[in-house]
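Asks: Please see the structure below; I have some questions.
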Amino acid sequence: GKDSIKALTFAEAGKVAADLAERQKLAGIAPPPRKKAKQHPTTPGGVTSEQQGKAWALMYELQKFDPPIGGAGVGDRLCGIITKHFGVSAPPAQPFRFLKMAQGIELIQLLGKMAERAELKSLHERRAGHG
């Protein structure tokens, strides 16, 4: 009995959503699959799957503003950063293998700073090139 979805209360909106879901089920229409977060392999006390996901996202952000010289892949570059900063090396397929959870936090902070600096440098270079 309302003219707009915006006019619905939270409870009314929930009822409408439930009714629509029921109608889809009766019509044989499957609900869209929920997207699951990518699960990364973990070790007890090691870098969590969520930390790994964040680290990878930051690496791709870094690559966007500071592409590697010589065509090194993102995994190779991440391994190089981990080796340089933590003194441990692991294969690009499992770069977090020997890191502890606390080191994962430190790595995320480091990568965030690196990505931020690379973005600022890129913006500065673009402005200098246009002015």
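Asks: So which residues in region 97-126 are touching a Gly at 6+ places or on another chain (Cβ under 7 Å) and either in a loop (DSSP other than H, G, I, E, B) or free of Cβ contacts under 8 Å to residues at least 24 places away in the same chain (or both)?
Replies: So the first thing to find is which residues in region 97-126 are touching a Gly at 6+ places or on another chain (Cβ under 7 Å), and the list is 99-101.
Passing the criteria: only Leu99.
Asks: Got a number for residues in region 43-85 being in contact (Cβ under 8 Å) with a residue 40 or more places away in the chain and of a type outside the set (Lys, Arg)?
Replies: 14
Asks: Output the number of residues of region 15-54 satisfying the condition of being more than 25 Å from Lys2 (Cβ to Cβ), in contact with a helix residue (DSSP H, G or I) (Cβ under 7 Å, 6 or more places away or on another chain) and not hydrophobic (A, V, I, L, M, F, W, C).
Replies: The total comes to 9.
Asks: Out of (1) among the charged types (D, E, K, R); (2) at pLDDT 90 or above; (3) in a loop (DSSP other than H, G, I, E, B), the odd one out for Lys84 is which?
Replies: (3)
Asks: Further question: State whether one or more residues within region 41-50 are within 25 Å of Leu120 (Cβ to Cβ), under 21 Å from the mean Cα position of the chain (by Cα), at pLDDT 90 or above and part of a helix (DSSP H, G or I). Give the derivation first.
Replies: Of region 41-50, the ones within 25 Å of Leu120 (Cβ to Cβ) are none.
Checked against the condition, which is being within 25 Å of Leu120 (Cβ to Cβ), under 21 Å from the mean Cα position of the chain (by Cα), at pLDDT 90 or above and part of a helix (DSSP H, G or I), region 41-50 yields no hits at all.
Asks: For Pro33, indicate whether it is in contact (Cβ under 8 Å) with a residue 40 or more places away in the chain, assigned to a loop (DSSP other than H, G, I, E, B) and open to solvent by 50 Å² or more (accessible area, probe 1.4 Å).
Replies: Numbers: in contact (Cβ under 8 Å) with a residue 40 or more places away in the chain: no; assigned to a loop (DSSP other than H, G, I, E, B): yes; open to solvent by 50 Å² or more (accessible area, probe 1.4 Å): yes.
No.
Asks: How about region 51-62: which of its residues are within 21 Å of Ser122 (Cβ to Cβ) and open to solvent by less than 50 Å² (accessible area, probe 1.4 Å)?
Replies: Ala55, Leu58, Met59, Leu62, listed by residue number.
Asks: Looking at region 63-93, which of the residues that are aliphatic (A, V, I, L, M) and open to solvent by 60 Å² or more (accessible area, probe 1.4 Å) is nearest to Leu107 (Cα to Cα)? Let's see the steps before the verdict.
Replies: Quick first cut of region 63-93, residues aliphatic (A, V, I, L, M) only: 69, 72, 74, 78, 81-82, 88, 90, 93.
When the remaining residues are screened for being open to solvent by 60 Å² or more (accessible area, probe 1.4 Å), the result is 69, 93.
Details: Ile69: 21, Ala93: 17 Å.
That would be Ala93.
The values are calculated or read from the model by the stated rules, or taken from the named source; none is laboratory data. This is a predicted model, so every value here is computed, not measured. Note that we place each Cβ from the backbone using ideal geometry, even for glycine, and neighbour counts take in every protein chain shown. With ligands, DNA and RNA removed, areas are computed over all heavy atoms of the protein, side chains included. Shrake-Rupley method; radii C 1.70, N 1.55, O 1.52, S 1.80 Å.
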